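Read the structure below first, then the notes.
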Amino acid sequence: MSDDPAMIRSMVLLVAGFGALLAGAQRAGYDQPYRPQVHFSPRENWTNDPNGLVYFRGEYHLFFQYNPFGDVWGHMSWGHAVSTDLLHWRELPVAIPEKAGEMVFTGSVVVDHANSSGLCAAGTECMVAVYTGYRKDEKRTLQNQNLAYSRDAGRTWTRYEGNPVLDLHMSDFRDPSVFWDEKGGSDKKGHWVMAVALPLEHKVRLYRSPDLKQWTQMSEFGPMGAVSGDWECPDLVRVPPEKKGGAEVWVMKVGLNPGALQGGSGEQYFVGSFDGTRFNVGTESGAHGWTNYGKDDYCAISFNNLPAGAKPMLLGWMSNWQYAAKLPTSPWRGQMSVPRRLSYVRDAAGVALRQEPVIAQLRGAHAGVVSAAEIVREAPFEMVLHFDPKAQTAFGVKLYSDEEHWTEIGFDPVTRVFYMDRMHAGEAVAPEFPVKTDAPLSKDRLYDLHLIVDRSSVEAFAQDGTIAMTNLVFPRSPRTRVVFFARDGEKPAVKGEVWTLRSIW
């Protein structure tokens, strides 16, 4: 290479310009009016449930239900993206495609460290997917549990020749969630545990296996709680306390479709204990709740194989089966929530799951301290607000995209409700879309609010993360005028901060 300074500067500028051109080209592919800027969405086509969330060799893997051929449900395969920080995702080729009439439904991925399955290369660990295979002919449908494995960090996948590994010859038997129980087995050396749904029976069945191939039934959970729709996407998760000194609890999360709290699809959770064989629900207040009180967070699952000491993390599909096929987006349809770290709180109000969004790394310019005066921001942005805990009338914040369209997020101390109203937010999408969603408000917890506003969604976390509320919105403009309000006509007492958020693209 020449040591001429002028030539060196020219080459540096050329490389920098080429890099900027590539970055601009990528951004152009993810810059449509409703394209989320801080939430994952595929470059094109349809997506629904997240699948196989796992951390392996420095990468977080997000697999997801995907139609490689269009923007409506069909040809279900596993799409694939990877990230080093849970926020900036790089989409990879389809991981496990539909094959020979078998669609690849929801499931999980584990890291087989000891090669218990015999599917890894000798003396090494590998990734093993456990998924529901779906077949349909003129007479019936069939769902059963299958394996695929990858020996190259998830880049290529091979179906196990002995599939299916668990088959009840049923039309509704799906969504296996698998984890390693290090204390399981008669010799206490550990075994695999699978939680899998019997949707029409409103049950989650628990199985164990030494090798991911041979499964033995241990117990069943349910029916319990809400049972007005199919039970789907179960996940049994060990959750630590938010404050040191408490014992861990186990949480059983179960999807419900239709008939969820806000209509259509949604998810409930149960707090209790797991003795290695059976999950038992606790009796204290709050032992049964809803993972998300909005309309648009479904089939959220947790990550496997996280680094030691990391809190469990949950990520869901940001949509609702009532109108998922009608969303006004192109060339993609469907997106994911932000990841949330899980813990639990136990206080005067009882026990509750706590969710902390993973977002801080995207913070750009700090826009300063929030006052009761209105502010203007362009999505995406983030706000952390603290309202007067002694407030007596309803109060909150309105997000205007123009004078006639807004989303309202508020606390009502009188009716004891936290709510989000998107009835005037913008495009109505479908009759079930313009709604006000609400959650029970605890008098024993503070009125804090964490908002993540993207181009087509608002995610709210209130009362120390014990309330999560995710709703799609399709505003008239990404430019947002933020106005604080109180029902008594006075400006609410509020303190907080606001940040712009950098695009993940």
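For region 237-268, give me each residue that is modelled with pLDDT of 95 or more and of a type in the set (K, R). The answer is R238, K253.
Listed conditions (1) in a loop (DSSP other than H, G, I, E, B); (2) surrounded by 23 or more Cβ atoms within 10 Å (Cβ to Cβ) are all met by A391, apart from (2).
With respect to the conditions (1) part of a strand (DSSP E or B); (2) out of contact with any Ser or Thr (no Cβ under 7 Å at 6 or more places or on another chain); (3) of a type outside the set (D, E), M420 falls short on a single one, namely (2).
Per-residue answers, yes or no, for (1) buried (at least 19 other Cβ atoms within 10 Å of the Cβ); (2) in the same structural domain as F179 (by TED's automatic domain parsing); (3) acidic (D, E):
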position	(1), (2), (3)
L314	yes, yes, no
S319	yes, yes, no
Q322	yes, yes, no
R346	no, yes, no
H366	no, no, no
A379	yes, no, no
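On the stretch given as region 120-148, residues that are within 21 Å of E59 (Cβ to Cβ), surrounded by fewer than 22 Cβ atoms within 10 Å (Cβ to Cβ) and not hydroxyl-bearing (S, T, Y) total 4. Scanning region 118-131 finds no residues that are in a strand (DSSP E or B) and at pLDDT below 95.
Quick one: which of V458, V453, V397, V417 is at negative phi, surrounded by 22 or more Cβ atoms within 10 Å (Cβ to Cβ) and without any contact (Cβ under 8 Å) to a residue 60 or more places away in the chain? Result of the check over V458, V453, V397, V417: V458.
When E91, E102 are checked against the criterion of being assigned by TED's automatic domain parsing to the domain that holds K311, without any contact (Cβ under 8 Å) to a residue 60 or more places away in the chain and within 30 Å of K311 (Cβ to Cβ), E91 stands alone in meeting it. Within region 156-179, residues that are over 24 Å from F303 (Cβ atoms) have Cβ atoms under 7 Å from residues that are surrounded by fewer than 17 Cβ atoms within 10 Å (Cβ to Cβ) and not acidic (D, E) in these pairs: S171/R140; S171/T141; D172/L200, counting only partners at least 6 apart in sequence or on another chain.
When we screen K443, K491, K495 for residues that are within 24 Å of L261 (Cβ to Cβ) and not polar (S, T, N, Q), the only hit is K443.
Screening the candidates R346, R278, R333 for the property of being out of contact with any Cys (no Cβ under 8 Å at 6 or more places or on another chain) and closer than 22 Å to D464 by Cα yields one hit, R346.
Scanning region 162-179 for residues that are closer than 20 Å to P50 by Cα and either assigned to a loop (DSSP other than H, G, I, E, B) or not polar (S, T, N, Q) (or both) yields D172, F173, R174, D175, P176, V178, F179. The requirement of being modelled with pLDDT of 95 or more, out of contact with any Phe, Trp or Tyr (no Cβ under 6 Å at 6 or more places or on another chain), among the hydroxyl-bearing types (S, T, Y) and more than 24 Å from R340 (Cβ to Cβ) is satisfied by S401. For region 320-354, the tally of residues that are at positive phi and in a loop (DSSP other than H, G, I, E, B) stands at 1.
Quickly run through region 142-160 and pick out the residues that are on the phi > 0 side of the Ramachandran plot and hydrophobic (A, V, I, L, M, F, W, C). Listed by number, the list holds a single entry, A153.
The values are calculated or read from the model by the stated rules, or taken from the named source; none is laboratory data. Because the structure is a prediction, the values reported are computed rather than measured. No Cβ is skipped: glycine too gets one built from the backbone with ideal geometry, and neighbour counts run over all protein chains shown.
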